[in-house]
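Take a look at the structure below.
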Amino acid sequence: MLELKILFLLGIANGAPIIAMKLFGDSLAMPLDRGYQLYGQPLFGPSKTVRGILAALLLTGLCSGLMGLGFLMGIVIATLAMCGDLLSSFIKRRLGRPSSSRFLGLDQIPEALLPLLYCKQVYGLDWGMVFLVVAGFIVVELLLSRVLFALHVRKRPY
């Protein structure tokens, strides 16, 4: 049951920035990297915004609190998920990939694995369960992406 809660929170942290973009438009849409470039490429790209990070932190914290894991645990999970997301964006920019481009595995593993490594320590998850939740996150993220695209929430059906 705990693993499903963590998987759900990973989905919330990942989906909150997309929903916030749809709900709030350009409000707080300033890029985290403020346009800074490293070797001619953006640090993260324009799709990584203050609005998205705030939405992930707030919504994941609220959901975690409602599920009995505590608001702070949700904030930690969201923070680590967003760090993983920023890491994958940073790597994709260094590889010359455009913002919001698809890179199977790199788009999902860091943002699931970083929070799960923390949860492994806090909750004593074994490596098999960490692997299963990461794999579950990849599957759920790919399926939900298609649903969000069909509902015109996402721009592309990853």
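Checking the conditions here, which among D85, D126 is of a type in the set (D, E) and in contact (Cβ under 8 Å) with a residue 12 or more places away in the chain?
The conditions single out D85.
Counting only residues that are more than 20 Å from E111 (Cα to Cα) and touching a residue at least 24 places away in the same chain (Cβ under 8 Å), how many does the stretch 21-41 have?
Keep residues of the stretch 21-41 that are more than 20 Å from E111 (Cα to Cα), which gives 22-30, 34-41.
Applying the additional criterion that residues be touching a residue at least 24 places away in the same chain (Cβ under 8 Å) yields 22, 24, 27-28, 38-39, 41.
Here the count works out to 7.
Could you tell me how many of the residues in the stretch 98-121 are free of Cβ contacts under 8 Å to residues at least 24 places away in the same chain and more than 16 Å from L87 (Cα to Cα)?
2
Only one of these conditions is not met by G128: (1) part of a loop (DSSP other than H, G, I, E, B); (2) at pLDDT 90 or above. Which number is it?
The number of the failed condition is (1).
Yes or no, residue by residue, for (1) at positive phi; (2) at pLDDT below 95; (3) within 11 Å of the chain's Cα centre (by Cα):
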| residue | (1), (2), (3) |
| --- | --- |
| A29 | no, yes, no |
| Q37 | no, yes, no |
| S47 | no, yes, no |
| L58 | no, no, no |
| C63 | no, no, no |
| L69 | no, no, no |
| M73 | no, no, no |
| L86 | no, no, yes |
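For the subset of the stretch 119-129 comprising residues that are within 20 Å of T79 (Cα to Cα) and either touching a Cys at 6+ places or on another chain (Cβ under 8 Å) or aromatic (F, W, Y) (or both), which member is surrounded by the most Cβ atoms within 10 Å (Cβ to Cβ)?
Among those that are within 20 Å of T79 (Cα to Cα) and either touching a Cys at 6+ places or on another chain (Cβ under 8 Å) or aromatic (F, W, Y) (or both), it is L125.
Could you grab me the full set of residues in the stretch 72-103 that are closer than 17 Å to L32 by Cβ, assigned to a helix (DSSP H, G or I) and not hydrophobic (A, V, I, L, M, F, W, C)?
Passing the criteria: T79, G84, D85, S88, S89, K92, R93, R94.
The values are calculated or read from the model by the stated rules, or taken from the named source; none is laboratory data. Remember, predicted model here, so these are calculated numbers, not experimental data. Counting neighbours? That spans all protein chains shown, and the Cβs are built from the backbone with ideal geometry, glycine included.
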